[in-house]
Amino acid sequence: AVSYSCENQTVSVTTDIVHNSAKPLFQWRLSIADQGIGISDEDMPHIFERSYCSARAKQLRPDGSGLGLPIAGALARAHGGHIEIESVPNHGTTVFLWLPITWETQLID
């Protein structure tokens, strides 16, 4: 988020616990929002593909490898979660990481 944000802009990080009424479980949600370049509708279907970098992202970060989101997505799935992304080109992106709260986690808390 910091790498693709406009200079002197804010990146916000929030977390909360959400009850999913469709399933009897709670989920932990991490939200990271930037005020950066955003992701176009054309690029959105490809952002979790390994080594994919949009032309716009390459302009801003020519050293980017296109591995950040694929790795994050794989790690989320490995822990029973998922990632959702909302983005508006030239206005910013919000990434939501959802992870289940298991019975063992609830005992620790």
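The values are calculated or read from the model by the stated rules, or taken from the named source; none is laboratory data. Just so it is clear, the model here is predicted, and its values are computed rather than measured. We place every Cβ from the backbone using ideal geometry, glycine too, and count neighbours over all the protein chains shown. Ligands, DNA and RNA are stripped out before the accessible areas are found, and what is left, the full protein with its side chains, is counted by its heavy atoms. Shrake-Rupley method; radii C 1.70, N 1.55, O 1.52, S 1.80 Å.
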Any idea how far apart Ser40 and Arg56 come out in nm if each label point goes 7 Å out from Cα toward Cβ?
-> 0.8 nm
Compare Cys53, Cys6 by solvent-accessible area with a 1.4 Å probe and give them largest first, with all protein chains kept in place.
-> Cys6, Cys53
When you take every Cα atom in the chain, what is the radius of gyration, and what is Dmax, the widest Cα pair distance, in Å?
-> 15.5, 47
Determine the calculated [θ] at 222 nm for the chain from helices alone, applying -39500 (n - 2.57) to every DSSP H run no shorter than 4 residues and normalising by the residue count; nearest 500 deg cm²/dmol.
-> -5500 deg cm²/dmol
Length-normalised contact order of the chain in % [C-alpha pairs under 8 Å, at least 6 apart] = 30 percent
Could you provide, to the nearest whole Å², the per residue accessible area of the chain with probe 1.4 Å?
-> 69 Å²
Taking the Cα atoms of region 51-106, what is the range of coordinates along each of the three principal axes, in descending order and whole Å?
-> 45, 23, 11
Can you sort Val2, Val88 by 1.4 Å-probe accessible area, starting with the largest?
-> Val2, Val88
Phi-derived 3J(HN,Hα) across region 73-85 with the Karplus relation (6.51, -1.76, 1.60, θ = phi - 60°), rounded Hz, x for Gly and Pro, is x, 5, 5, 4, 4, 4, 9, x, x, 7, 10, 10, 10
According to a simple spin-label model (label point 7 Å from Cα along Cα-to-Cβ), what is the distance in nm between Phe48 and Thr10?
-> 3.0 nm
